[in-house]
Structure formats: C-alpha cells, structure tokens
Amino acid sequence: MVVALLVFASAALAAHQNQPLDPCGGQSVTVQQFRPFSAKVWAPERWIRERPKSATIAAYRTRLVCAVGPGHRAAIKRTWRRDRAAFYRHRNRILAQDINHAWEAHWAPDWSGPTLPLYVIAALAERAGEYIGVDVPGWTMAEVTIGESSRRPGSAGLDVGGTRGYGLWAVTWPFADAILAKHGWAYEDMWNPVKCSVVMAEIFRLQGLGAWYGDGFVTHPDRHYRG
C-alpha cells in the first residue's frame, strides 16, 4: 500500500513538473490595468534610451498573453502602439530642433543655461565620430557631459590652474589649440554643440576616454547609441 502511494505521488509530482508555468499567476489583465504601465514605459520625461529593455518588452508581451480576452488584447496593442508613436513624435521634434549655433555662455559659478537631452548628445557624438572617421561610443560620451558641463552647450568654466573649458565636453584652453586651428575655429566656437562634438571626436581619437574628468559618470566605456 505504501509503495503504491509513493508511486502515485511520484507520478503526480512528475506530471505537475511537466505542466507549463502560468505566466499570469492566475490573474487576468484588462486594458485599464495596462494603460499606466504603457504610459510609464513611453513617458518622454523618463525614457531616454534607444529602445525599452528586453525585460520591458517581455513584460509587455506577458500582459498580452494574460489579457482578459481578444477585445482587451487588441486594446492593449492599440494603447502600446499609440504611446510608442507619441514618444517618437516627441523625440523627432527634439532632434529636429536647430542646435547648430553658438549658445549663450554661462561662466561658472553660473550653472544655469539650457541643457540638451542625453540621447540628443549621444546621437550628436555618434555623428561626429562618423564625420571624423573614428569609432566614438555616443552614449558613453554623452554621459561624460554630465560631469563636464551638466549637458549645457553654453557651459564655460575657469579651472584652478588657469585653464578654461568650453562647451558640452569642456574643450580646454590651451590644450586643443592645434585641433581648433585645423578646423579654423576659436574656443568660443565650442559653445556650438555641433562644432564641439567634432573637436571631442578629434580628442577622443588622440587620447581616448581618459581625456575627460567627467568619465566618472560613465556606466559603460564603450556604449554606442543606435537611436
């Protein structure tokens, strides 16, 4: 009798282990429950990545699987696509803004002035690398600007040793004289983020990431931007 019970229990356990796990945990998802999730993923003020992480996409797909029924599943898809499209319209508007001009200078300790979104700087860095012919990791170099200029194209600072830093990447006088002369620019031209990105790419080719003190804000030394 005991042997029979053990055999039965083993068979039942094996059958249970072979059953697929329920990704929904016994809970169904309505479109009303899904909307806050979608809004959070695609919120313009929060999402500055190239695309949502794979875990976020997996969470979205799980919610599709767990939808109450075909009607809610279709509504969830519409909600996701609508929020995604709204974000890309927002991002394209920002990317279409004219940043190719000299921004007003703000000398430290004046830390005011407009900032650029991190992904705009990342896209700019990637393009500058292509222009110069050097493999610039755009996202990495965008993170450098957090420490160098707080993402302000009009950043201007006087260092303790008497040197001066200009623009997003704090191009430093007098160390960039030769690079600037090559392009026919002055240090004040570094308040134009497009020109500053070109000089950044030149410096990166010669010295690498270690040329900037702002590398303390870098999360990965070789992260590109593919947005």
(request) Just give me the residues in segment 135-163 being hydrophobic (A, V, I, L, M, F, W, C), within 16 Å of R223 (Cβ to Cβ) and out of contact with any Phe, Trp or Tyr (no Cβ under 6 Å at 6 or more places or on another chain), in sequence order. (result) M141, A142
(request) Find the residue count for segment 128-182, including only residues that are free of Cβ contacts under 8 Å to residues at least 12 places away in the same chain, more than 14 Å from F204 (Cα to Cα) and among the charged types (D, E, K, R). (result) 1
(message) Of the conditions (1) assigned to a helix (DSSP H, G or I); (2) at pLDDT 95 or above; (3) under 28 Å from L209 (Cβ atoms), I94 satisfies every one except a single condition; which number is it?
(response) (2)
(request) Tally the residues that are in contact (Cβ under 8 Å) with a residue 40 or more places away in the chain, not hydroxyl-bearing (S, T, Y) and not in a helix (DSSP H, G or I), restricting the search to segment 205-220. (result) 3
(message) Can you say whether G138 is under 19 Å from N100 (Cα atoms), modelled with pLDDT of 95 or more and surrounded by fewer than 19 Cβ atoms within 10 Å (Cβ to Cβ), as far as the supplied structure shows?
(response) no
(request) Return only the number of the condition from (1) under 29 Å from G210 (Cβ atoms); (2) crowded, with 18+ Cβ neighbours inside 10 Å; (3) not small (G, A, S) that W111 does not satisfy. (result) (2)
(message) Being farther than 16 Å from A105 by Cβ and in a helix (DSSP H, G or I) is the filter here; which residues of segment 181-193 pass it?
(response) A181, K182, H183
(message) Can you find, within segment 162-190, the residue that is farthest from S150 (Cα to Cα) among those that are open to solvent by less than 30 Å² (accessible area, probe 1.4 Å) and of a type in the set (F, W, Y)?
(response) Y187
(request) Identify the single condition in (1) open to solvent by 40 Å² or more (accessible area, probe 1.4 Å); (2) assigned to a loop (DSSP other than H, G, I, E, B); (3) at negative phi; (4) touching a helix residue (DSSP H, G or I) at 6+ places or on another chain (Cβ under 9 Å) that R151 does not satisfy, given that it satisfies every other one. (result) (3)
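So is G157 open to solvent by less than 10 Å² (accessible area, probe 1.4 Å) and in contact with a strand residue (DSSP E or B) (Cβ under 8 Å, 6 or more places away or on another chain) or not?
In short, no.
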(request) Can you confirm whether segment 154-163 contains a residue that is among the β-branched types (V, I, T), in a strand (DSSP E or B) and closer than 20 Å to Y213 by Cα? (result) no
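Rundown of residues vs (1) at positive phi; (2) small (G, A, S); (3) in contact with a strand residue (DSSP E or B) (Cβ under 7 Å, 6 or more places away or on another chain), yes/no style:
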residue	(1), (2), (3)
Y60	no, no, no
R63	no, no, yes
C66	no, no, yes
A75	no, yes, no
R81	no, no, no
R93	no, no, no
I99	no, no, no
P114	no, no, no
P117	no, no, no
(message) Can you name every one of the helices (runs of 4 or more DSSP H) wholly within segment 1-81 that holds 2 or more residues which are at pLDDT below 55 and open to solvent by 50 Å² or more (accessible area, probe 1.4 Å)?
(response) 2-18
(message) For segment 199-227, which positions are open to solvent by less than 10 Å² (accessible area, probe 1.4 Å) and within 30 Å of P52 (Cα to Cα)?
(response) M200, A201, G214
(message) Can you say whether R223 is within 19 Å of S112 (Cα to Cα) and not in a helix (DSSP H, G or I), as far as the supplied structure shows?
(response) no
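The values are calculated or read from the model by the stated rules, or taken from the named source; none is laboratory data. All figures in this text were calculated on a predicted structure; none of them were measured in a lab. Glycine gets a Cβ as well: all are built from the backbone with ideal geometry, and neighbour counts include every protein chain shown. Surface accessibility is based on the protein's heavy atoms, side chains included, excluding ligands, DNA and RNA. Shrake-Rupley method; radii C 1.70, N 1.55, O 1.52, S 1.80 Å.
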